[in-house]
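Report on the following structure.
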Amino acid sequence: MIHLSAAGKRYAHKLLFENVDWLITAQDRVGLVGANGTGKSTMLKILGGLETVDYGSLSVTRGISAGYLPQDGLSLSGQSVFAECMGVFADLRGLEHEMEELTRRMAELDHTSSDYAQVAERFHRIEHEFQTRDGYAIEAKVGTVLAGLGFKKEDWTRRTEEFSGGWQMRIALAKLLLQKPNLLLLDEPTNHLDLEARNWLEDYLKDYPHAFVLISHDRYFLDVTVNKIVEIWNKQVHFYAGNYDKYTAQKTQRGEQLEAAYRNQRERIEQLEVFINRFRYQATKAKQVQSRIKELEKMERIELPQEERTIHFSFPQPKPSGRIVAEVKNLAKGYGEKEVFRGVNFTIERGDRIALVGVNGAGKSTLIKLLAGKELPTAGEFRLGHKVQADYFAQDQYKELNPEARILDDLGELSPSSTQTELRSLLGCFLFSADEAFKKIGVLSGGERNRYALLKMLLHPANFLLLDEPTNHLDLRAKDVLLEALAEYSGTVVFVSHDRYFIDKLATRVFEVGEGGVETYPGNYEDYIWRKEEGGSQGAEAQGAGAQGTGGQEPVIPQAQPGNGNERALAAPEARPKRLNPIRRKQIEERCRDLEEEVARVEAAIAHGQAALQNFVSAEETQRLTQELKALRTQLDTLMEEWEELAQAL
């Protein structure tokens, strides 16, 4: 359908990629991945015909249409949302108008005349085409797509210029989906979508009848929508069959194979060079020496690619707070006549990782600002616990930065006691190395600004983090690093994210914000969805306390994660639901297998220690072995106790 042959592209002196050979077929579902700045968006523009290649060629089959959605920057005006989307079907609406005109003419003409016969024949031909192209359902199609992307029915008649940039991008996405081009090109389409709209788009793309190539920094979204991963890395394009999970496994395997091949080749080169140097001047070995010289010359050298740069950091472990971190009673918030929520009750405890979910505009950011003290409640009570120190990361945190300040100087003002070496080391962890440390904040990209804003949080070791979409503009690897850092953080976290994978891996509770209230659920996003689908409102934590939909003083059921000790809570009858969540069950089974392997290892270590104890070496060695055996037996008892409790829970 579309074929790139030996293609390459550069910007000024920077080479993005070269020697690309890529054939896109009619049913391809491709995820385009790579670090920020590697040329992913440029590749989409080339496929869409918006940019040209500098080397090689691009060939497109006749009749192929490509539709491209940029990350942002589109602006629509002049029509209502519904009319803007109906404009996609201009040719069908033209046929509809012609049918109406032909119907009017047939009513005026004599049914026995030749003119009537010609008009009737034209009408039937057009009507057949109109029906074949599903023309009678175009309004229903528009309504379905708009509803799926989060537009309420009352929004359909609003003019497009009334909407913010994110909603304008939703309108542009709706038009593109309705057009159904042969090749759909989407550059981070989930950036402006909440979780509900993202879930709808996943289902839509699963049934999309043509090929698509998309860029996304959402692992879950890639896992459920694509069947091929194309990675731009080290100025080359690499192809992997399967979704993102399979890509990560294949890439690791390829890397190991490449390293093994490199080591083998280096050993062979060393052997050849040793032989050549040893026998170069012996006439009897001249033939063998020449043969090995030719082998060296013909050998295609394997090169290991440079390591990919990624941020690496950990949040400073803060001083512990009291058990109750925050307590909310009958909280209400409104702006004038608009009420965001009312009668909200919940408690946040030390160590919670709480995800705020809900449609855009439901009040997630408002709630997190209330917790951060950036907004005041209209009514009700909000209280932080003993020794709680809060730190807030806003969606637009970069707006708080001074665009004229240099990065290094700005960081120095925040931490005057740190040396330049310490600051440069910290900046290097966030990929601001060498001269990049002297950049002005105003010239940084969106991803760089977010990285720098996260970095500044490290200088304030708070024990209550409030993060409003911290993953915005971060690539997949940077998200993984942030996720790992938050998982190891000993404080309490409340966060808003539209990244389902991020929520699943981090959250221990989910707060659903919407319809004027806050409903609380134990577990991660998968648990939340399962409870919503299987148990409805009965799955909420509020059930145990007899609370209403706005929450209450409910017992907290921690999420079971291997090794965190929360599995024991699941064994208690009062904490276990009547039907065990299959995801929770899988987690417990995996932990049981891990424990069985650990028990076997400890038992083997005990046996080895007992055998060593039979051979006297010295009094000190005997004492050391005895203490070691005692510690191993204690560890074995602990492991067996945990295994028995988990087995009972299963």
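Taking the residues in segment 396-417 that are in a loop (DSSP other than H, G, I, E, B) and surrounded by fewer than 15 Cβ atoms within 10 Å (Cβ to Cβ) as candidates, determine which candidate is nearest to the chain's Cα centre (by Cα).
Filtering segment 396-417 down to residues in a loop (DSSP other than H, G, I, E, B) leaves 396, 401-405, 415-417.
When the remaining residues are screened for being surrounded by fewer than 15 Cβ atoms within 10 Å (Cβ to Cβ), the result is 396, 402-404, 416-417.
Numbers: 396: 19, 402: 29, 403: 28, 404: 31, 416: 36, 417: 36 Å.
So, considering only residues that are in a loop (DSSP other than H, G, I, E, B) and surrounded by fewer than 15 Cβ atoms within 10 Å (Cβ to Cβ), the one nearest to the chain's Cα centre (by Cα) is 396.
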Tally, over segment 484-500, of residues that are surrounded by 22 or more Cβ atoms within 10 Å (Cβ to Cβ) and closer than 23 Å to residue 431 by Cβ: 3
From 523, 491, residue being more than 20 Å from the chain's Cα centre (by Cα) and either modelled with pLDDT under 85 or in the same structural domain as residue 367 (by TED's automatic domain parsing) (or both): 491
Subset tally (residues that are aliphatic (A, V, I, L, M), in contact with a Leu (Cβ under 8 Å, 6 or more places away or on another chain), modelled with pLDDT of 90 or more and part of a loop (DSSP other than H, G, I, E, B)) for segment 1-54: 1
Contacts under 6 angstrom Cβ, first residue in segment 46-65 being more than 16 Å from residue 25 (Cα to Cα), partner basic (Lys, Arg) and surrounded by 11 or more Cβ atoms within 10 Å (Cβ to Cβ), 6 or more apart: 51/45; 53/9; 54/9; 54/10
Test for residue 348: is it under 25 Å from the mean Cα position of the chain (by Cα), surrounded by 14 or more Cβ atoms within 10 Å (Cβ to Cβ), at pLDDT 90 or above and among the β-branched types (Val, Ile, Thr): no
Close pairs (7 angstrom Cβ cut-off, 6 or more residues apart or separate chains): loosely packed, with under 15 Cβ neighbours inside 10 Å in segment 235-248, small (Gly, Ala, Ser) and not in a helix (DSSP H, G or I) anywhere: none
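Count, please, the residues in segment 324-364 that happen to be small (Gly, Ala, Ser) and assigned to a loop (DSSP other than H, G, I, E, B). It would help to see each step written out before you state the result.
Taking segment 324-364 as the starting set, the residues that turn out to be small (Gly, Ala, Ser) are 326, 332, 334, 336, 343, 351, 355, 358, 361-363.
Then keep just the ones that are assigned to a loop (DSSP other than H, G, I, E, B); that gives 336, 351, 358, 361-363.
Counting residues in segment 324-364 that are small (Gly, Ala, Ser) and assigned to a loop (DSSP other than H, G, I, E, B) gives 6.
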Some residue of segment 126-144 being within 27 Å of residue 357 (Cα to Cα) and not hydroxyl-bearing (Ser, Thr, Tyr): yes
Members of segment 603-650 found to be modelled with pLDDT of 85 or more, β-branched (Val, Ile, Thr) and either more than 25 Å from residue 584 (Cα to Cα) or surrounded by 14 or more Cβ atoms within 10 Å (Cβ to Cβ) (or both), listed by number: 634
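Condition check: in a loop (DSSP other than H, G, I, E, B) and either without any contact (Cβ under 8 Å) to a residue 60 or more places away in the chain or over 27 Å from residue 473 (Cβ atoms) (or both). Does residue 157 satisfy that? So that I can check it myself, show each step before the final result.
Numbers: in a loop (DSSP other than H, G, I, E, B): yes; either without any contact (Cβ under 8 Å) to a residue 60 or more places away in the chain or over 27 Å from residue 473 (Cβ atoms) (or both): yes.
Yes: the conditions hold for residue 157.
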Odd one out for residue 131 among (1) crowded, with 17+ Cβ neighbours inside 10 Å; (2) in a helix (DSSP H, G or I); (3) not small (Gly, Ala, Ser): (1)
Residue within segment 118-138 that is touching a helix residue (DSSP H, G or I) at 6+ places or on another chain (Cβ under 6 Å), closer than 30 Å to residue 198 by Cβ and in contact (Cβ under 8 Å) with a residue 60 or more places away in the chain present: no
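Residue check: is residue 87 of a type outside the set (A, V, I, L, M, F, W, C), at positive phi and either touching a residue at least 24 places away in the same chain (Cβ under 8 Å) or crowded, with 17+ Cβ neighbours inside 10 Å (or both)?
no
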Tabulated pairs, segment 171-183, first closer than 15 Å to residue 150 by Cβ, second hydroxyl-bearing (Ser, Thr, Tyr) and not in a helix (DSSP H, G or I), C-beta under 9 angstrom, 6+ apart or interchain: 177/208
Lone qualifier among 288, 317 - being at pLDDT 85 or above, farther than 30 Å from residue 514 by Cα and surrounded by 12 or more Cβ atoms within 10 Å (Cβ to Cβ): 288
Test: residue in segment 486-505 that is in contact with a Gly (Cβ under 8 Å, 6 or more places away or on another chain) and part of a helix (DSSP H, G or I): no
Subset of segment 88-116 (residues that are more than 30 Å from residue 171 (Cα to Cα), within 60 Å of the chain's Cα centre (by Cα) and not small (Gly, Ala, Ser)): 101, 102, 103, 104, 105, 106
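Look through 54, 110, 134 and report the one residue that is charged (D, E, K, R) and under 30 Å from residue 37 (Cα atoms). Outline the logic, then answer.
Working: 110 fails: under 30 Å from residue 37 (Cα atoms); 134 fails: under 30 Å from residue 37 (Cα atoms).
Step by step, each of 54, 110, 134 is checked, and only 54 is charged (D, E, K, R) and under 30 Å from residue 37 (Cα atoms).
The values are calculated or read from the model by the stated rules, or taken from the named source; none is laboratory data. As the structure is a computational prediction, the values presented were derived from the model and not from experiment. Cβ atoms come from the backbone with ideal geometry, glycine included; neighbour counts cover every protein chain shown.
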